[in-house]
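Trainee: Would you mind keeping the following structure in view while I ask a few things?
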Amino acid sequence: MDIKGKTALITGGGAGIGRATALALAARGAGHIVVADIDGAAAAETAALAQAAGSRALARAVDVTDLAALTALFAEAEAAAPLDIVFNNAGVVSGSPAFPDIPLARLLRTVQINLLAMMAGTQLAIDLFRARGARGVIVNTSSVAAFAPMTQDPAYSASKVGILNFTQACAPLGESHGIRVNAVCPGVTDTAIVKATGDGVTPAAWLAPALARVKLLTPDDIARAVIDLIEDETKAGAHTVVQNEAAA
Ligand SMILES: NC(=O)c1ccc[n+]([C@@H]2O[C@H](COP(=O)([O-])OP(=O)(O)OC[C@H]3O[C@@H](n4cnc5c(N)ncnc54)[C@H](O)[C@@H]3O)[C@@H](O)[C@H]2O)c1
């Protein structure tokens, strides 16, 4: 898909990979970008940056686990400018204390945000595209954790496996409806989520050995992979792994 003039909706767009992707879309001439995030001020900042880069943009404070709010967000975005691209990207790690000391509610919330909201966002986008008989692209943010169970945060790695599997199951929609659903699987990337494994300032001690072994990716590295999944018409049910290089 040629991004120029197209419209996009991004969840978790207030920071990190979501923000970098919003700006990469704007740099390629996206016409309208809806930036949704539970942090409304952060979403507004991203929208302002996208506007400065030449796109029209709208920011909304939305918790993606609130199905009514998520449904209203998609409806509002579609009404403002029919959607072409949806990036289901909002995600969290379970945080501290780690599994198995984690409170049950936090374990389940990780799955609600990462997996169930991604499924809802994908279905909502498919419904909108099909109602118009339009082609469309959906990208879902999985992780390299989909390939390596995280003993300290199994809710995270299991949710990322689920995202990948759900995305792969959508492959036939490319052929049948012109709706391409793809996943990006980032390696460890320099965003706030890494510190959220610990106290929000310092990553969890259990992550330190892994962090020492690799060079962190940047959000722009991941945004490039997302842009490729949007632009490459051959990709449906596909995933791109963005691997870390070994530390120098
Ligand atoms: N950074 C990494 O190392 C890494 C690696 C693999 C995958 N990922 C995935 O990339 C995605 C983006 O994360 P990031 O690294 O940019 O981290 P980030 O913390 O910078 O961005 C995540 C964004 O999601 C938002 N968010 C959290 N819960 C939300 C909710 N309930 N509703 C709406 N928005 C919500 C946050 O406010 C934040 O702006 C996530 O799905 C994450 O799991 C990150």
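The values are calculated or read from the model by the stated rules, or taken from the named source; none is laboratory data. Predicted model only: the values in this text are computed from it and were never measured. Glycine gets a Cβ as well: all are built from the backbone with ideal geometry, and neighbour counts include every protein chain shown. Note: areas computed on protein heavy atoms with side chains; ligands, DNA, RNA excluded. Shrake-Rupley method; radii C 1.70, N 1.55, O 1.52, S 1.80 Å.
Trainee: Among the residues of region 195-204, is any out of contact with any Gly (no Cβ under 7 Å at 6 or more places or on another chain), closer than 25 Å to A24 by Cβ and either near the ligand (Cβ under 10 Å from one of its atoms) or outside any loop (DSSP other than H, G, I, E, B) (or both)?
Mentor: Within region 195-204, one or more residues are out of contact with any Gly (no Cβ under 7 Å at 6 or more places or on another chain), closer than 25 Å to A24 by Cβ and either near the ligand (Cβ under 10 Å from one of its atoms) or outside any loop (DSSP other than H, G, I, E, B) (or both).
Trainee: Which residue is least open to solvent (accessible area, probe 1.4 Å), if the candidates are limited to region 47-71 and must be closer than 17 Å to A90 by Cα and free of Cβ contacts under 8 Å to residues at least 12 places away in the same chain?
Mentor: Selected residue: A69.
Trainee: Checking S176 against (1) away from the ligand (no atom under 11 Å from the Cβ); (2) in contact (Cβ under 8 Å) with a residue 40 or more places away in the chain; (3) surrounded by fewer than 20 Cβ atoms within 10 Å (Cβ to Cβ), which single condition isn't satisfied?
Mentor: Looking at each condition in turn, S176 falls short on (2).
Trainee: Out of all the residues in region 202-227, which are open to solvent by 60 Å² or more (accessible area, probe 1.4 Å) and closer than 19 Å to D2 by Cβ?
Mentor: R224
Trainee: Starting from region 90-116, take each residue that is within 13 Å of M150 (Cβ to Cβ) and list its partners that are away from the ligand (no atom under 15 Å from the Cβ) and part of a loop (DSSP other than H, G, I, E, B), counting only C-beta distances under 7 angstrom and pairs at least six apart or across chains.
Mentor: Pairs found: S94/I102.
Trainee: Output the qualifying pairs, or none if there are none: Cβ atoms under 7 angstrom, residues six or more apart or on different chains, first residue in region 1-13 and within 16 Å of A79 (Cα to Cα), second residue modelled with pLDDT of 95 or more and among the acidic types (D, E).
Mentor: K6/D84; T7/D84; A8/D84
Trainee: Right, next: Before we move on, is A223 within 12 Å of the ligand (Cβ to nearest atom) and over 20 Å from the mean Cα position of the chain (by Cα)?
Mentor: no
Trainee: Still on this structure, please answer the following. Look at region 72-97 and say how many of its residues are within 16 Å of the ligand (Cβ to nearest atom) and either open to solvent by less than 50 Å² (accessible area, probe 1.4 Å) or assigned to a strand (DSSP E or B) (or both).
Mentor: First, pick out the residues of region 72-97 that are within 16 Å of the ligand (Cβ to nearest atom): 72-74, 76-77, 86-96.
Filter once more, so that each one left must be either open to solvent by less than 50 Å² (accessible area, probe 1.4 Å) or assigned to a strand (DSSP E or B) (or both): 73-74, 77, 86-95.
Number of matching residues: 13.
Trainee: Among the numbered criteria (1) within 13 Å of the ligand (Cβ to nearest atom); (2) assigned to a helix (DSSP H, G or I), which single criterion is violated by V139?
Mentor: All conditions pass for V139, except number (2).
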